[in-house]
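Comments concern the structure below.
The values are calculated or read from the model by the stated rules, or taken from the named source; none is laboratory data. If you're wondering where the values come from, they're calculated on a predicted model, not measured in any experiment. Heads up, the Cβs are rebuilt from the backbone with ideal geometry, glycines too, and the neighbour counts pull from every protein chain shown.
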2 protein chains.
Amino acid sequence: MENVIMMGHGSGGKMTADLIRNTFAKYFSNAVLDDYGDAAVLKSHGISLAFSTDSYVIDPVFFPGGDIGKLAVCGTVNDLAVTGAKPVFLSAAFILEEGFPIDQLEVIARSMGEVASLAGVSIVAGDTKVVKKGQCDKIFINTSGIGTIKEKYCHIATGKHIKPGDKIIVSGFLGDHEICILAAREKLQFEEPLLSDVAPLNAMIMAVLGSGTVVKFMRDITRGGLATICAEIAEGKPYGINIKEQYLPVREQVAGLCELYGFDPLYMANEGKMMAVVDRQSADKVIEVMQKTKTGAYAAIIGEITDSHPGRVVMQTQTGGNRVIDRLAGIQLPRIC
Amino acid sequence: MENVIMMGHGSGGKMTADLIRNTFAKYFSNAVLDDYGDAAVLKSHGISLAFSTDSYVIDPVFFPGGDIGKLAVCGTVNDLAVTGAKPVFLSAAFILEEGFPIDQLEVIARSMGEVASLAGVSIVAGDTKVVKKGQCDKIFINTSGIGTIKEKYCHIATGKHIKPGDKIIVSGFLGDHEICILAAREKLQFEEPLLSDVAPLNAMIMAVLGSGTVVKFMRDITRGGLATICAEIAEGKPYGINIKEQYLPVREQVAGLCELYGFDPLYMANEGKMMAVVDRQSADKVIEVMQKTKTGAYAAIIGEITDSHPGRVVMQTQTGGNRVIDRLAGIQLPRIC
């Protein structure tokens, strides 16, 4: 195998983790980065902040339910929010291909402004680069973000309070975003239109954290899917994870297309879904609070932390069998975000 | 003229400013962004920080004196430092082209780690995306950064203390980076090798700020060059700027190539140079402090703030004539950073 970048290195799964570990971590290593959260939680120089970055290279740029701009704002808002932070400031950096229509750029900028306002964040810094035709694909956007975080939530990004008996919750239907993008590329028609789930989750998360529940860990379910997050949580730990396939919320049309294309909802990217590990006493309350919000209407308990198979994630399938769940290997759909 | 993105929109000059004003600002508008500094200075939610973002799309990726990784760290460190902030945390987000050699990525990561360490910053958050061959050009890097800023320096990013009589200083030779990149692309040979000036400026800036001098404004001289910065400072103000061409520090070989290619050092991008507006009483001291540092060895006073032609920048040329200096129009060399 030639030692070059392959599409799988951008999957958010196993190859991405290996690239980070083998190529970046040894040169960038520091206590914060080594925690590998979705956002860094910074507690030094007298500041207590969450800080996150993400580049968006999605194809197509416009899709049912959103566009690259909405995605870029929601993605970073969610990366901050799942650490327990209140997202406050965003930067937006654009790489534009020569010839990209300015009216399309304006639609994108408007949707960034609108969803930033909805999420309660301000875009305070920016950058614009232009490359020649053929040197990038239309438009890439990077957003980085800063959130303020209360001391009592600083453990959430690390998951260090997780213990056997804790419940695993997902906030709604899995796979809508990835299937929506697949459908847009393949020009598939649905009887009922399928929209990307792209949305800011910070209001729902704040409602959960403010409800007196005990939340041990949160993560938005993007590249690599729920499977990869669960595998990362369990890896090297004295506990494992049990998931019940029958509890996974998946829309019928998504399940159907998954079967047709050989995709697995467990590995699919979402842009408005999160998973949480919560104390078992809090699980029903978290579901109740989530279900009262627009982004959490279909929240469900889908599994639990267990001491029966440390380090491993096991899914009990619909047919009653057991399947070991690993990180995403290779890639499902490239340029999904 | 078709309403599409053109190379000039990425020049850092007039077209970039117009794009920001007409397309982004109206949707992102807020008090912080409207200041248009190199970094946003944030003073709300109980935090006092500088925050900056930049994407790097330079071609070639490796050049004499550095590479895209070193550039990406120095660029954001410098954007923070010129606001008077102490750069503390960086993010690094990579967009990689399928097929990019991993050993080259490792060289880039190593140089990022080395210069981050030299500059005293930690890379605490990251992201990796991969696009298919032909959908980006080798590697693009975004770095965003957070710096801590003392209350007494918060005016520097705005330049609101600038007044007639203040002196204008540049920290060294202009144009080295842009001519180095041009030479690398054109495969020009020099008798003495010309290196990019890419370097972190924060140590020099901290020395200046700590020397009891009165600094009114600072900016690192990148895309658009010194001319564009001066034009931006003077625009709409009750004061103007005088520059003397004979005082501009330019290497002989850079001046020669500028003449040959029709480039103007005043508009050239640098990656380790800054300009400062300082109180006239402080000017000699600032030069003295800068000249003691490696990055400021050739610092010079090159002009002053004047009340004689408000809003305008005028350069007295070597031959004694006067030339009005505007922002960069169009573009000198694309993908310079």
It is to be established whether one or more residues within the range A:59-67 are within 9 Å of chain B (Cβ to nearest Cβ) and not aromatic (Phe, Trp, Tyr). yes
Residues of the range B:27-63 that turn out to be among the hydroxyl-bearing types (Ser, Thr, Tyr) and modelled with pLDDT of 90 or more, as a count: 5
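Tell me the residue from A:MET275, A:MET268 that is within 17 Å of A:GLY172 (Cβ to Cβ), out of contact with any strand residue (DSSP E or B) (no Cβ under 6 Å at 6 or more places or on another chain), crowded, with 16+ Cβ neighbours inside 10 Å and not polar (S, T, N, Q), please.
Numbers: A:MET275 fails: out of contact with any strand residue (DSSP E or B) (no Cβ under 6 Å at 6 or more places or on another chain).
A:MET268 is the lone residue from the list that is within 17 Å of A:GLY172 (Cβ to Cβ), out of contact with any strand residue (DSSP E or B) (no Cβ under 6 Å at 6 or more places or on another chain), crowded, with 16+ Cβ neighbours inside 10 Å and not polar (S, T, N, Q).
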Which one of the conditions (1) surrounded by 24 or more Cβ atoms within 10 Å (Cβ to Cβ); (2) within 30 Å of B:CYS258 (Cβ to Cβ) does B:PRO193 fail to meet, given that it meets all the rest? (1)
Looking only at the range A:126-151, count every residue that is out of contact with any helix residue (DSSP H, G or I) (no Cβ under 7 Å at 6 or more places or on another chain) and in contact (Cβ under 8 Å) with a residue 40 or more places away in the chain and tell me the total. 10
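Residue-wise test of (1) over 26 Å from A:GLN332 (Cα atoms); (2) within 8 Å of chain A (Cβ to nearest Cβ); (3) buried (at least 24 other Cβ atoms within 10 Å of the Cβ).
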| residue | (1), (2), (3) |
| --- | --- |
| B:ALA72 | yes, no, yes |
| B:PRO101 | no, yes, no |
| B:GLN104 | yes, no, no |
| B:GLY120 | yes, no, no |
| B:VAL124 | yes, yes, yes |
| B:ASP127 | no, yes, yes |
| B:VAL130 | no, yes, yes |
| B:LYS133 | no, no, no |
Which of the strands (runs of 3 or more DSSP E) contained wholly in the range A:23-99 include at least 3 residues that are within 24 Å of B:GLY134 (Cα to Cα)? A:47-56, A:86-97
Could you check how many residues of the range A:85-99 are in contact (Cβ under 8 Å) with a residue 60 or more places away in the chain and surrounded by fewer than 24 Cβ atoms within 10 Å (Cβ to Cβ)? 2
Residues being touching a strand residue (DSSP E or B) at 6+ places or on another chain (Cβ under 9 Å) and touching a residue at least 60 places away in the same chain (Cβ under 8 Å): count how many of those fall in the range A:100-125. 3
Members of the range A:217-239 found to be within 13 Å of the chain's Cα centre (by Cα), closer than 18 Å to A:GLY296 by Cα and not in a loop (DSSP other than H, G, I, E, B), listed by number: A:MET218, A:ARG219, A:ASP220, A:GLY225, A:LEU226
Does any residue of the range A:26-44 turn out to be surrounded by fewer than 19 Cβ atoms within 10 Å (Cβ to Cβ) and among the basic types (Lys, Arg)? yes
Matching entry among A:ILE336, A:ILE331, A:ILE287, A:ILE305 (being buried (at least 18 other Cβ atoms within 10 Å of the Cβ) and within 14 Å of A:ASN242 (Cβ to Cβ)): A:ILE305
